[in-house]
């Protein structure tokens, strides 16, 4: 099942980096093969065609997971912290038992977080930041816009106290975009009731729009998109200009690839800037 939680982003950076390296080697090999033979071949076409999409997406995903590594380190260091508590092994076992019973109801009752049944240490640390929670080694963004968002938050006092967020996840399949409603449940230590109440109050204010959890999040992405777009389009223009100086305009060349990749990245950067602007407005809207 899809999970919106991020676990071990450093490992994901290495995987995406390896995919990037293989994809760019395949692209270079395909271009070299075309120049060596003087024509497009099935082999060179496959090397380029199969590699061009991962060559574009994998670096972006690696960068995203690298930011994830930094975010997790910042949360653990106490940056923008609201509350922090430690759930004992006995409390965690109690939570796991009640969580399994809740998950058995299926549908919207399935927990987005999978608590450890055999934790590496006897205790589990829970850290809430202004826009996220780090439950053990799993990070969840807690915002009211985007592909994973929450729509309400409450404390459930049946057994071990639990903070429960009603969540909505947007994903795509072959029929188009779909949404899935779920719940993110996090255990609360019995000695942390005051801190838990503080967390719930904060995120209730985030949900109503009285508090902006991370006001710079979308603004930074707008700036990235607006800076990257003209750079990418300039690269595409350079590739287009170089195409005219090549002997065979019908063959795929480095200039053609530069032109295509520049256009794709440029359009993607503009889409990023537009999406960030729309999401920033939605985040700041009162509810």
Problem set entry | residue 104, sole failed condition from (1) free of Cβ contacts under 8 Å to residues at least 40 places away in the same chain; (2) within 30 Å of residue 160 (Cβ to Cβ); (3) crowded, with 16+ Cβ neighbours inside 10 Å | (3)
For this session: Could you tell me whether residue 143 is in the same structural domain as residue 201 (by TED's automatic domain parsing) and either in a loop (DSSP other than H, G, I, E, B) or modelled with pLDDT under 90 (or both)?
Result: yes
Exercise. Of these, 279, 242, 270, which one is modelled with pLDDT of 85 or more, touching a helix residue (DSSP H, G or I) at 6+ places or on another chain (Cβ under 7 Å), in a helix (DSSP H, G or I) and surrounded by 15 or more Cβ atoms within 10 Å (Cβ to Cβ)?
Worked result: 270
Seminar exercise, completed: Taking segment 64-79 and keeping only residues that are in contact (Cβ under 8 Å) with a residue 60 or more places away in the chain and either out of contact with any helix residue (DSSP H, G or I) (no Cβ under 8 Å at 6 or more places or on another chain) or within 24 Å of residue 204 (Cβ to Cβ) (or both), one is left with 71, 75
Exercise. Only one residue in 176, 225 is farther than 21 Å from residue 82 by Cβ, modelled with pLDDT under 90 and surrounded by 16 or more Cβ atoms within 10 Å (Cβ to Cβ). Which one?
Worked result: 225
Problem set entry | Selected residue (criterion: farthest from the chain's Cα centre (by Cα)) from residues of segment 66-95 that are in a helix (DSSP H, G or I) and more than 20 Å from residue 139 (Cβ to Cβ) | 90
Exercise. Name the pairs: first residue in segment 158-174 and within 12 Å of residue 148 (Cα to Cα), second residue in a loop (DSSP other than H, G, I, E, B) and at pLDDT below 80, Cβ to Cβ under 6 Å, at least 6 apart or on different chains?
Worked result: 169/4
Problem set entry | Within segment 42-79, considering residues that are at pLDDT 90 or above and in contact with a strand residue (DSSP E or B) (Cβ under 6 Å, 6 or more places away or on another chain), the one surrounded by the fewest Cβ atoms within 10 Å (Cβ to Cβ) | 75
Exercise. Is there a residue in segment 187-203 that is touching a helix residue (DSSP H, G or I) at 6+ places or on another chain (Cβ under 8 Å) and free of Cβ contacts under 8 Å to residues at least 60 places away in the same chain?
Worked result: no
Exercise. Which residues, taken from segment 103-129, are assigned to a loop (DSSP other than H, G, I, E, B) and in contact with a helix residue (DSSP H, G or I) (Cβ under 7 Å, 6 or more places away or on another chain)?
Worked result: 110, 115, 117, 119, 122, 123
Exercise. Looking at segment 197-216, is at least one residue surrounded by fewer than 18 Cβ atoms within 10 Å (Cβ to Cβ), in contact with a strand residue (DSSP E or B) (Cβ under 7 Å, 6 or more places away or on another chain), at pLDDT below 95 and not in a helix (DSSP H, G or I)?
Worked result: no
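The values are calculated or read from the model by the stated rules, or taken from the named source; none is laboratory data. As the structure is a computational prediction, the values presented were derived from the model and not from experiment. Quick reminder, even Gly has a Cβ in these numbers, built from the backbone with ideal geometry, and neighbours come from all protein chains shown.
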